[in-house]
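Student: Here it is, the structure in full.
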Amino acid sequence: MIEINQTNLHDIVKKTPLVLVDFYATWCAPCRMQENILKKLEKKHGEQILFTKIDLDANKALAQRYGIMSIPTLMFYLKGKLVRFPSKTRGKVDKLLGVQNYGKLDEILNFLKKKI
């Protein structure tokens, strides 16, 4: 996973076909759990998907811009556009909140790779 920030996020998502962004903080225990899952997924999907992370303590403006209220939060960019997911309770959402399991993320990534 590569560390990105508010100065290079826009360029990275515009130039890379599929990007996973993990919003985290170093002091966040659930974020460390999520990072372990993402590292396993990166081994499987890393040739087609760029796995990135953003430290919100160092990039507070991004937290405000994207409405990040809790961490970990995951977002996906496909061909430069933020991916929106169906939600059973909220229509469509553009972020996944809290720790996401390997199976769910693997399914999402496999689906998104077909769209590249």
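The values are calculated or read from the model by the stated rules, or taken from the named source; none is laboratory data. The structure presented is a predicted model; accordingly, all values stated were derived computationally and were not measured. All Cβ positions, glycine included, derive from the backbone under ideal geometry; neighbour counts span all protein chains shown.
Student: Under 9 Å between Cβ atoms, which residue pairs at least 6 apart in sequence (or on different chains) link something in segment 104-116 that is touching a residue at least 40 places away in the same chain (Cβ under 8 Å) with a partner that is assigned to a helix (DSSP H, G or I) and of a type in the set (A, V, I, L, M)?
Tutor: As it stands, the answer is Leu105/Ile37; Leu105/Leu38; Leu105/Leu41; Asp106/Leu41; Leu109/Leu41, since those pairs meet every condition given.
Student: Specify the residue that is nearest to Ile108 (Cα to Cα); the eligible residues are those in segment 43-92 that are surrounded by 19 or more Cβ atoms within 10 Å (Cβ to Cβ) and free of Cβ contacts under 8 Å to residues at least 40 places away in the same chain.
Tutor: Val83
Student: Next up: For segment 1-53, what are the residues that are within 14 Å of Thr73 (Cα to Cα), assigned to a helix (DSSP H, G or I) and among the charged types (D, E, K, R)?
Tutor: Across segment 1-53, the qualifying residues are Arg32, Glu35.
Student: Further, regarding this structure: Report yes if Leu62 is part of a helix (DSSP H, G or I), modelled with pLDDT under 95 and not charged (D, E, K, R), otherwise no.
Tutor: yes
Student: Only residues that are more than 16 Å from Phe23 (Cβ to Cβ) and either assigned to a loop (DSSP other than H, G, I, E, B) or in contact with a helix residue (DSSP H, G or I) (Cβ under 7 Å, 6 or more places away or on another chain) (or both): list them for segment 70-112, please.
Tutor: Leu78, Lys79, Gly80, Arg84, Lys88, Thr89, Arg90, Asn101, Tyr102, Asp106, Leu109
Student: Within segment 69-81, can you find the residues that are modelled with pLDDT of 95 or more and of a type in the set (A, V, I, L, M)?
Tutor: Ile71, Leu74, Met75, Leu78
Student: Taking segment 14-42 only, how many residues are among the hydroxyl-bearing types (Ser, Thr, Tyr) and in contact (Cβ under 8 Å) with a residue 60 or more places away in the chain?
Tutor: Count: 1.
Student: For Lys40, only one of the following conditions fails: (1) touching a Leu at 6+ places or on another chain (Cβ under 9 Å); (2) surrounded by 12 or more Cβ atoms within 10 Å (Cβ to Cβ); (3) at pLDDT 95 or above. What is its number?
Tutor: So the condition that Lys40 fails would be (1).
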